[in-house]
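Down below is the structure, laid out as structure tokens.
The values are calculated or read from the model by the stated rules, or taken from the named source; none is laboratory data. These numbers were taken from a predicted model, which means no experiment stands behind them. No Cβ is skipped: glycine too gets one built from the backbone with ideal geometry, and neighbour counts run over all protein chains shown. For the accessible areas, the whole protein counts, side chains as well, though only heavy atoms, and no ligand, DNA or RNA atoms are used. Shrake-Rupley method; radii C 1.70, N 1.55, O 1.52, S 1.80 Å.
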Amino acid sequence: MAQVQLTDAKERYLSDFERISPENNGRSWLGELRKGAIAKFGELGLPTLRDEQWRQTNVAAITQTAFKSADARDLTSDEAERLKNYVFAGFEGTRLVFVNGHHWPKESVAAELPKGAIVSSLSEAIRNHPDLIQRHLGQYIADDKDAFVALNTAFMQDGAFIYIPDGTEITKPIHLRFVTSGSDEPEVSHPRNLILMGTGSRATIIETYLGLGDNVYFTNAVSEIVLAERAVLDHYKLQRETAKAYHLGAIQIHLGGECKFANHAITFGAALSRNDIHAVLDGEETECTLNGLYVATDKQHVDTHTKLEHAKPHCRSHQLYKGILDAHASAVFNGWILVRPDAQKTDAIQSNRALLLSDDAAINTQPQLEIYADDVKCTHGATVGELPRDSIFYLRTRGISADEARDMLTYAFANEIIGEIKIDPVREHLEHLIWERFRHGHV
Amino acid sequence: LLELKPEERACEGIFLAFQYPVEIPGVSNTYFLKAALNSIRKYRGLEELDAMDFLKLMRERMKFVEMDETLLNRPVNQGFSGGEKKRNEIFHMAVLDPKLAILDETDSGLDIDALRIVSTGVNSLRDGKRSFIVVTHYQRLLNYIVPDFVHVLVDGRIAKSGGKELAFELESKGYQWIEDEIAAGAGA
């Protein structure tokens with residue numbers, strides 16, 4: 001019975017593709033890209049627990065729901081009011097806002113940008129810079145490995161296009177905000193981002209995903225990020241979807257030599273969410289940091305799959321993920337480090353630390369090291385535990401109640417990741433959010 | 001007292017200076033001390049101190065143990081040397097103003113300079129109203145923190161009590177004679 005349902009779900013997407021015929025702005029290459037993607041999707045089919053990559057995360061809830069493609073519409077006045085809770089007070093910089101996967105210029109803010117820099121919606125960029133887009137869009141992330149990535153390429157409507165020319169620095173952060181509004185039927189959006197950074201360029205980019213209603217919806221997001229030599233990017237992803245939402249995010253990162261890249265993935269929301277972050281270090285002397293904090297309660301399930309691919313020698317990578325799980329929440333952390341034969345003098349560190357605040361919370365953590373070079377340093381570590389009792393006792397002997405002591409320690413645990421956020425308004429907003437969440441001794 | 005929770009005992013005025021103070025990454029010395037002090041003040045029906053007043057109090061009490069201001073915003077005891085940890089314990093005591101302070105082998109692992117500073121800090125808090133229980137195995141600490149009473153515990157029981165001279169006697173004779181006394185007493 002389940003197999004029939006799955007085939008039905010696949011057929012539904014295939015027929016939706018025929019019916020909707022996503023906009024190509026007259027670009028045949030885009031049409032070909034989409035057709036190729038939907039064909040790959042047809043071959044792959046939707047994943048089940050029997051697929052190795054999805055063994056620990058049951059996506060039946062997503063695959064068995066008939067999602068309607070979300071269309072562009074305005075926020076209700078209630079929703080606009082609620083959106084104010086998500087504002088980073090004091091934030092200065094360019095902001096692109098997307099509602100249900102469509103660019104919403106009304107809410108966007110254009111700050112001054114250096115000459116040649118482009119921060120625009122992808123749909124606009126396809127019209128204005130078709131050659132640039134054609135050369136890069138879909139060239140980094142594979143459509144033939146993941147059904148959801150293939151769906152995104154087939155159905156993508158919009159997202160952000162950021163292009164930073166050689167030697168250019170964008171001093172103020174760029175904020176990409178993806179909002180999903182309320183709806184009567186379950187809806188899906190496929191935000192697609194393309195970020196291209198020239199040699200020696202520098203920027204800070206934050207992607208946030210949030211919902212404003214209490215509906216069931218599915219965000220299927222893909223970001224391709226390419227750094228040329230000596231580029232420096234601080235990239236943040238903040239996921240605050242609503243309680244019944246599903247969020248799947250794939251981030252493909254391609255780094256040249258002497259780059260400095262850091263991604264900080266902060267996850268709070270969604271009933272079921274997954275980040276697939278794949279970084280390819282394709283030049284020497286490059287540094288890649290992947291940090292993350294996931295906080296889950298009730299019956300949330302949070303999955304993080306990272307793949308750090310050292311393709312060239314003398315690169316350093318560092319991963320620190322922390323999870324805080326309460327109630328019946330569950331999490332998966334799968335960290336794969338691949339060191340190719342040429343990648344001598346690789347220095348790769350990976351660590352996942354989970355804090356379980358309840359007896360029913362669970363974490364499945366699996367490091368994978370695939371090493372083909374012989375002069376490398378690779379370490380991985382995973383710890384799962386409770387708050388340290390000695391520390392709780394110490395604080396109590398100073399007069400602090402047990403609940404307050406646990407809150408302080410949980411906050412401190414999370415703060416190791418939050419404290420690394422360099423955009424002050426964002427960090428302060430998150431510190432406050434975390435503080436509010438950890439009162440009364442539980443998430 | 002034994003029925004009370006640890007935080008209640010602290011609020012009632014008991015302070016324990018640990019032999020091995022724990023490190024608490026991510027929680028700053030200042031932050032937690034302010035929360036602790038205000039928790040105790042609230043319990044005693046006093047007004048909580050705001051950030052400014054608390055900072056003033058901290059700066060005053062820091063002098064008791066010659067504490068460096070840079071250690072204030074560091075996470076509790078993180079990366080502190082043994083001597084710095086013990087001084088931090090006494091600093092906490094100076095801020096929290098307990099009625100009964102228990103110093104658990106405060107001298108263990110301290111060099112002579114650290115010992116001197118810690119002892120000066122403790123002595124400055126001896127106001128005739130506050131009580132101290134100093135737990136130690138060695139005379140050296142007692143040269144700096146001169147006790148009013150000395151109690152010797154054997155197997156968890158007070159076996160002998162006296163004035164500060166008892167400590168000197170132990171230093172020269174050891175503990176065996178007390179255990180012999182107990183054995184003889186038991187036999188009699």
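Sequentially through the stretch A:96-103, phi angles give Karplus couplings (6.51, -1.76, 1.60; θ = phi - 60°) of 10, 10, 10, 10, 6, x, 10, 4 Hz, Gly and Pro residues having no value and appearing as x. Cross-link partners among aspartates and glutamates for B:Lys164, C-alpha distance below 13 Å, same-chain residues fewer than 8 apart left out? Candidates past the 8-residue exclusion: B:Asp148. Here's how it looks for A:Cys378: its modeled amide H is under 5 Å from those of A:Ala348, which are all 5 or more places away or on a different chain. Relative to the compact-globule estimate of 2.2 N^0.38 Å, the Cα radius of gyration of the stretch A:247-400 comes out at 1.16.
Karplus-based coupling profile of the stretch A:275-281, in residue order and whole Hz: 10, 10, 10, 10, 10, 10, 9, with θ = phi - 60° in 6.51 cos²θ - 1.76 cosθ + 1.60 and x standing for Gly or Pro. Considering Cα pairs under 8 angstrom that are at least six residues apart, work out the relative contact order of chain A and quote it in whole percent. Value for chain A: 10 percent. Over all projection directions, the Cα-based convex hull of the stretch A:159-275 averages an area of 6.4 nm². Of all the options B:Ala35, B:Ala167, B:Ala101, the one that moves most in a Gaussian network model of chain B with Cα springs shorter than 10 angstrom is B:Ala35. Interface between chains B and A: roughly 1700 Å² of accessible area buried, both sides summed (probe 1.4 Å, protein heavy atoms only).
Within 10 Å of each candidate Cβ there may be at most 16 other Cβ atoms; applying that plus a DSSP loop requirement, which chymotrypsin sites (Phe, Trp or Tyr not before Pro) in the stretch A:370-436 survive? Answer in residue order: A:Tyr372. Taking the stretch A:299-344, which trypsin sites (Lys or Arg not before Pro) meet the DSSP loop condition and have no more than 16 other C-beta atoms within 10 Å? Passing both the DSSP loop test and the Cβ count: A:Lys299. Per residue, the stretch A:1-134 exposes 55 Å² of solvent-accessible protein surface, assessed with a 1.4 angstrom probe and all protein chains in place. Inter-part distance, the stretch B:22-71 to the stretch A:394-442, computed on C-alpha centroids, equals 18 Å. Listed by chain and number, the lysines whose C-alpha is less than 19 Å from the C-alpha of A:Lys40, apart from same-chain residues fewer than 8 away, are A:Lys10, A:Lys145.
Please compute P(r) over all alpha-carbon pairs of the stretch B:45-182, binned at 10 Å starting from zero, and give each bin as a whole-number percent. In whole percents, the pair-distance histogram is 10, 37, 31, 15, 6, 1. For the stretch A:382-443, the solvent-accessible area with a 1.4 angstrom probe is 46 square angstrom per residue.
Look at the alpha carbon pairs under 8 Å that are at least 6 residues apart: their mean separation over the length of the stretch A:220-267 gives a relative contact order of 56 percent. Convex hull volume of the C-alpha atoms in the protein assembly as shown, normalised per residue: 215 Å³.
Residues whose amide H comes within less than 5 Å of that of A:Phe333, counting only those at least five positions distant or on another chain, are A:Thr304, A:Asn364, A:Thr365, A:Gln366 (H built at 1.01 Å from N in the peptide plane). As I understand it, the dipole of the stretch A:259-400 uses +1 on the Cβ of Lys and Arg and -1 on the Cβ of Asp and Glu, about the Cα centre. Which of A:Phe333, A:Cys315, A:Val295 lies farthest toward its positive end? The listed residue farthest towards the positive side: A:Val295.
Pick from A:Gly249, A:Gly283, A:Gly399: which is most flexible by mean-square fluctuation in a GNM of chain A where alpha carbon atoms under 10 Å apart are linked? With Cα springs under 10 Å in chain A, the top fluctuation among A:Gly249, A:Gly283, A:Gly399 is at A:Gly399. Between the alpha-carbon centres of the stretch A:352-389 and the stretch A:77-135 there is a gap of 37 Å.
Counting only protein heavy atoms and a probe of 1.4 Å, the accessible surface of the protein assembly as shown is 49% carbon and sulfur. Full extension of the chain between B:Ala186 and B:Arg130 gives 16.5 nm of extra length, using 0.36 nm per residue less the Cα-Cα distance. Listed by chain and number, the lysines placed with their C-alpha closer than 26 angstrom to that of A:Lys260 are A:Lys115, A:Lys172, A:Lys237, A:Lys307, A:Lys312, A:Lys322, A:Lys345, A:Lys377, A:Lys422; residues fewer than eight positions away on the same chain are left out. Derived scalar couplings between HN and Hα for the stretch B:46-59 equal 9, 6, 6, 7, 7, 4, 5, 5, 5, 4, 4, 4, 4, 4 Hz in order, rounded to whole Hz, by the Karplus curve 6.51 cos²θ - 1.76 cosθ + 1.60 (θ = phi - 60°), x for Gly and Pro. With q set to 0.13, 0.20 Å⁻¹, the log10 of I(q)/I(0) for the stretch B:4-123, from the Debye formula over equal scatterers at the Cα positions, is -0.48, -1.18. Let me check I've understood the local charge: for A:Ala270, count other residues with C-beta under 14 angstrom from its C-beta, Lys and Arg +1, Asp and Glu -1. What total comes out? Counting the neighbours of A:Ala270, the net charge comes to +1. Among the GluC sites (Glu not before Pro) in the stretch A:1-62, those placed in a DSSP loop whose Cβ has at most 16 other Cβ atoms within 10 Å are A:Glu23. Once the Cβ-Cβ distance of A:Gln5 and B:Lys63 is raised to the sixth power relative to R0 = 56 Å, the FRET efficiency obtained is 0.15.
Looking at chain B, the accessible area is 55 square angstrom per residue; that uses a 1.4 Å probe and ignores ligands, DNA and RNA. Quick one: if the Förster radius is 41 Å, what FRET efficiency do A:Glu81 and A:Glu124 give, using the C-beta to C-beta distance and rounding to 0.05? For R0 = 41 Å, the calculated efficiency reads 0.90.
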